[in-house]
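Asks: Right, I'll just put the structure down here and ask away after.
The values are calculated or read from the model by the stated rules, or taken from the named source; none is laboratory data. Everything numeric in this text was worked out from a predicted model, so none of it was measured. Neighbour counts are summed over all protein chains in view; Cβ atoms, including those assigned to glycine, are modelled from backbone coordinates with ideal geometry. Just so you know, the surface numbers come from the protein's heavy atoms only, side chains and all, with ligands and any DNA or RNA stripped out. Shrake-Rupley method; radii C 1.70, N 1.55, O 1.52, S 1.80 Å.
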Amino acid sequence: MDTELQLIKAHMDDGAANSSNERINGANGEAMPVAAEGQRNVGNANCLQEVTVNNGEHVANGNPAATETDALVHVQTNGANGEAMHFDHAAGGQRNVGNTNSTRENGSVCRVKKELNEVVFWKVRLWMVIIVVLVLIPVVIVISLTVCSAIHKDVDDKFDSSLFKVPHYFNGSFQLPNQVFQEELLNLHSNISQTLAADLQNKMADLYRSSPALGRYFSKAEILAFRNGSVIAEYKLTFKLPEEQQDQLRNFTLSREMVYNVFRQFLYDQEPDESAESGPMYIEPVSLEMFSAR
């Protein structure tokens with residue numbers, strides 16, 4: 001009995017000693033119960049996770065609230081940093097392109113300046129030669145045109161009017177709508193008739209003498225009569241032809257169509273001036289009539 005009691009007591013003492021050792025080890029960190037060790041492991045894991053997040057390892061925290069906050073902070077930080085880096089790279093690329101273009105332009109300008117300042121011979125530089133050439137080109141053109149115009153002579157301007165002996169006549173009439181008919185106009189020897197006739201003759205002579213094709217052959221213009229119808233003037237044109245070309249000139253240069261068209265074009269070009277000076281001299285173009293006479 002006593003032996004059994006001693007064994008039981010010894011066993012109890014060993015259990016107490018073990019429990020004491022377990023508690024001591026737990027205090028010293030050498031041995032801990034399973035539950036306490038699990039809690040510490042969870043805490044250490046959370047600490048590791050928080051440290052990992054703070055170091056930018058992007059590891060989620062075991063704590064939901066902390067995980068949400070850390071994730072938002074992490075996304076905002078990374079987003080801000082990413083955009084800044086993107087814009088910095090874009091701006092840097094634009095600056096690099098601009099610097100490259102500026103460098104190329106400066107290089108081109110420097111190369112052109114260098115080429116222009118090259119010495120062609122002695123102290124004459126390339127830019128001097130270019131300026132001299134640009135100045136000389138228009139001067140040479142002007143001088144050439146002047147010399148050519150002075151030397152050149154139109155063959156048609158060379159003619160002897162004394163050789164034009166064969167007369168060629170055209171008769172016709174036209175209307176002066178701005179004139180008021182007077183009985184004195186029926187008499188070609190009256191002052192009013194002679195004045196109006198002289199003005200009309202000068203007008204016709206000027207238009208034919210100024211014609212490049214007909215001017216050399218024109219001899220004179222005459223007013224033969226005036227008649228009523230406002231005032232209708234009858235006229236006669238005289239041209240003189242050289243003997244050797246008279247047939248050709250009658251058929252072409254001095255044909256009725258040519259002489260008539262020159263007169264009619266002149267009348268269409270005139271302005272219907274109603275002033276006291278030139279208004280009465282206006283000739284109605286559609287009233288012009290002409291026919292050839294021998």
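Asks: Give me a comma-separated list of calculated 3J(HN,Hα) values for region 182-194, in order, Karplus coefficients 6.51, -1.76, 1.60 applied at θ = phi - 60°, integers in Hz, x for any Gly or Pro.
Replies: 10, 4, 5, 5, 5, 9, 5, 8, 6, 4, 5, 5, 5
Asks: May I have the convex hull volume per residue, in Å³, for the Cα set of region 163-293?
Replies: Working: hull volume 13.6 nm³, N = 131.
With only Cα atoms used, region 163-293 gives 103 Å³ per residue.
Asks: Quick one: which residues, 5 or more positions from Ala225 or on another chain, have an amide H under 5 Å from its amide H? H modelled 1.01 Å from N in the peptide plane, none for Pro or chain starts.
Replies: Here the answer is Glu234, since their amide H atoms fall under 5 Å of that of Ala225.
Asks: Return one whole number: the accessible area per residue of region 163-293 in Å², for a 1.4 Å probe.
Replies: On the way: 7040 Å² over 131 residues.
Ligands and nucleic acids excluded, the figure is 54 Å² per residue.
Asks: Let me ask another. Name the long-range amide H neighbours of Ala293: under 5 Å, sequence gap of 5 or more, or other chain; modelled H, no Pro or chain starts.
Replies: Correct list: Tyr169, Phe170, Asn171.
Asks: Under the rule of at least 5 residues apart or a separate chain, name every residue whose amide H is placed under 5 Å from the amide H of Arg125.
Replies: Val120
Asks: Could the peptides 170-178, 109-117, 257-265 be put in order, highest first, of the mean number of other beta-carbon atoms found within 10 Å of their residues?
Replies: The densest-packed peptide leads the list: 170-178, 257-265, 109-117.
Asks: Roughly how much of Lys240 is accessible, in Å² to the nearest 10, using a 1.4 Å probe?
Replies: 80
Asks: Could I ask something else about it? Mind listing the phi-derived Karplus ³J(HN,Hα) values for region 221-236, rounded to whole Hz, using 6.51, -1.76 and 1.60 with θ = phi - 60°, and x for any glycine or proline?
Replies: Computed from phi, the couplings for region 221-236 are 10, 10, 9, 8, 5, 10, 9, 6, x, 6, 9, 10, 9, 9, 10, 9 Hz.
Asks: Where Lys and Arg each count +1 and Asp and Glu each count -1, what net charge lies around Ile232 among other residues with Cβ under 13 Å from its Cβ?
Replies: Taking every other residue near Ile232 into account, the sum is -2.
Asks: What percent does the relative contact order of region 178-294 come to when contacts are Cα pairs within less than 8 Å and at least six residues apart? Kindly include the intermediate steps, with their values, before the conclusion.
Replies: Numbers: 116 pairs, mean separation 28.2, N = 117.
Relative contact order of region 178-294: 24 percent.
Asks: So what J values fall out for region 142-148 if you push phi through Karplus, 6.51 cos²θ - 1.76 cosθ + 1.60 with θ = phi - 60°, rounded to Hz, Gly and Pro as x?
Replies: So the J values, rounded to whole Hz, are 5, 5, 5, 5, 5, 5, 5.
Asks: Once you list every other residue whose beta carbon is under 14 Å from the beta carbon of Leu126, what net charge do they have if Lys and Arg are +1 and Asp and Glu are -1? Don't skip to the answer; put the middle values down first.
Replies: Working: positive: Arg111, Lys113, Lys114, Lys123, Arg125; negative: Glu115, Glu118.
Charge balance in the 14 Å sphere: +3.
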